Amino acid sequence: MNCPICNSSERKKLLAFHETSEDKTIRYNLFKCINCGLIKPFPLPYTEETKNEVYDKLKPREIKIDFDSPEMRHYLRNFLPYIRFIKKYNISGTCLDVGCGGGSFLYLLQKNGFKSEGVELNTNAVSALRKEGFIVYDKALGDELYKNKKYNLIIVNHVLEHIEDLHSFLQNTHNLLDEKGLLIFAFPYIYG
C-alpha cells in the first residue's frame, strides 16, 4: 500500500505503537511514511469493503444520548476550543460534522447558532441522533445525497485516520464547501 498523501511505498514500522480492533482481538501495526511522515496502520483495520462489517458489530447496543449528564458535560469540554475558534473568526451559517458519532459537536454547534447536520455510518448513532431531532446522513461523502448541498463550515474530527482513499475524500469534502466555506480537520497525534 502506497502512502495516501505522497504515494511513496517506503515506510518503517513503529515498534512502540499499534492500534487494536474494537473487540481487542487484532493488533494493527503502525507504519510511518519515510517521505512525508504520515503514520497509519497497515493493513488498514477496515477498508471500503469491510467498513460496514465493522460498523455492524456496533449494532447490538442501543445508544442513549443525554447531553445534560455530568459525563456528557465533561466530554463537551473537548470541543470548546473549536467553538472559540469559530467565534473568533465569526464563522456562521450551515455546518456539516463528518463522523459526528454521538452528536456532541452537533449539539454544541446548534447551541451556538449553527444549522448543523451530521454524517455518521454507525446506524445506531444515526437512529439515536435522529430521535433527538438532528439531521444526520448515513451515506459516505460523494453519495448522490450530497449533490446539491453546500456548507459554510465542515468539521472532520478524528476521521481522516479511517479513510482509505484520502484524495477522493478530500475532493468530496471540498465539493461540499460553500465558495467562502471553511474546513476544520482534527486527528490524533500519536506522540501527544
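Annotations for the structure displayed:
- Site pair Arg77 and Asn148 shows an inter-label distance of 4.5 nm when each label is modelled 7 Å from Cα along Cα→Cβ.
- Equivalent ellipsoid of region 101-192: semi-axes from √(5λ) of the C-alpha gyration tensor, largest first, are 19, 17, 15 Å.
- What the Cβ-Cβ distance of Glu179 and Cys6 gives, at R0 = 30 Å and to the nearest 0.05, is a FRET efficiency of 0.55.
- Cross-link table Lys115/Lys149; Lys88/Lys150; Lys32/Lys150, entries beyond 24 Å C-alpha to C-alpha: Lys32/Lys150
- Accessible surface, region 93-164, averaged per residue in Å² (probe 1.4 Å): 42
- Around Lys32: net Lys/Arg minus Asp/Glu count, Cβ-Cβ under 12 Å: +3
- Net charge over other residues, Cβ less than 11 angstrom from the Cβ of Leu96 (K, R count +1; D, E count -1): 0
- Less than 5 angstrom separates the built amide H of Asp178 from those of Tyr151, Asn152, all sequence-distant by 5 or more or on a different chain.
- Each other residue within a Cβ distance under 14 Å of Lys12 adds +1 if Lys or Arg and -1 if Asp or Glu, for a net charge of +3.
The values are calculated or read from the model by the stated rules, or taken from the named source; none is laboratory data. As the structure is a prediction and not an experimental result, all values here were calculated from the model. All Cβ positions, even for glycine, are placed from backbone atoms using ideal geometry, and neighbour counts span all protein chains on display. All accessible areas refer to the heavy atoms of the entire protein, side chains included, with ligands and DNA or RNA removed. Shrake-Rupley method; radii C 1.70, N 1.55, O 1.52, S 1.80 Å.
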